[in-house]
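These notes concern the structure reproduced below.
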Amino acid sequence: MTDLPPGTPSVPAPDSASAPLDSAGQHRQHGDRSVRVAVLTVSDTRTEETDTSGQYLLSELRAQGHEVVGYRVVKDDAVHIRSSLVAFAREATVVLSTGGTGITGRDVTVPVVESMITKPIPGFGELFRMLSYQQVGGAAMLSRAVAGLVRGSVVFAMPGSLNAVKTAWEGILRDEIGHLAFEVERHGQPGVLTAPAGLLTAPAGSGMGAPPAPQPGAGGGVAAGLGRHRKGGQGDDRF
């Protein structure tokens, strides 16, 4: 080490505690928070008892200290998927959906989600397929995993297999979910109104029904041509 001239004040080297955080570090600061999350499983064959992917997410979320505000298993049916997402978007900041993201005739999750998105997050699908390619090769292109804002919530639609869900959770979502919730909430979202206290739940006998469903242009569009559809073969839960 070179000696300093007499009278020159020494400058201590910055340590990790005093050095300014980089952008990623600043984002991580918002990760240590409890997030309101709902889990939706889309499958013609699974039940809550056999839903390994959904149960894995529930376990991981609770272990991380997040609040699970909803969980459902629904058939590969556009009406059921959309109604569940509408309900969950009212309660949760993050909605995690598994199943129905492939290309079979029964895979309708992606068009439903895309019809409701007001702000897409294309990076999620890109990162997921990049990670999947390292594991399953070219078959990763068959997954149409997608994410975006639906009114005041961010929805992540993942494949249904446990391995795929673990890839998405451990490789992308687990360390970013707190930051995601912070970004969604910190300025509010256009067109999303917060009901005054006392209006969220109508008093019994008041004649007030449930809040109206989202309207087109505010995250509530209906997937064109996707309603109840014919029963077909079993979908491939890998996607």
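The values are calculated or read from the model by the stated rules, or taken from the named source; none is laboratory data. Bear in mind that the values here come from a model prediction, so they are computed numbers and not experimental data. Every residue, glycine as well, gets a Cβ built from its backbone with ideal geometry; the counts of neighbours run over all protein chains shown. To get the accessible areas, we keep the full protein, side chains included, count just its heavy atoms, and leave off ligands, DNA and RNA. Shrake-Rupley method; radii C 1.70, N 1.55, O 1.52, S 1.80 Å.
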Query raised in the report: When the solvent-accessible surface of protein heavy atoms is calculated with a 1.4 angstrom probe, in what order do T45, T98 fall, highest first?
Result: T45, T98
Report summary line: Expected field for I117, accessible surface area in Å² at 1.4 Å probe radius, rounded to 10, holds 30 Å²
Query - Residue order for S84, S59 - accessible surface, 1.4 angstrom probe, largest first - result: S59, S84
Query - Using θ = phi - 60° and Karplus 6.51 cos²θ - 1.76 cosθ + 1.60, couplings along the stretch 103-115 (whole Hz; Gly, Pro as x) - result: 10, 6, x, 8, 7, 10, 4, 4, x, 5, 4, 4, 5
Report summary line: Reported to the nearest 10 Å², D175 has, with a 1.4 Å probe, an accessible area equal to 90 Å²
Query raised in the report: With point charges of +1 on the Cβ of Lys and Arg and -1 on the Cβ of Asp and Glu, referenced to the Cα centre of the stretch 47-96, which listed residue (V86, Q64, V74) lies farthest in the positive direction of the dipole?
Result: V86
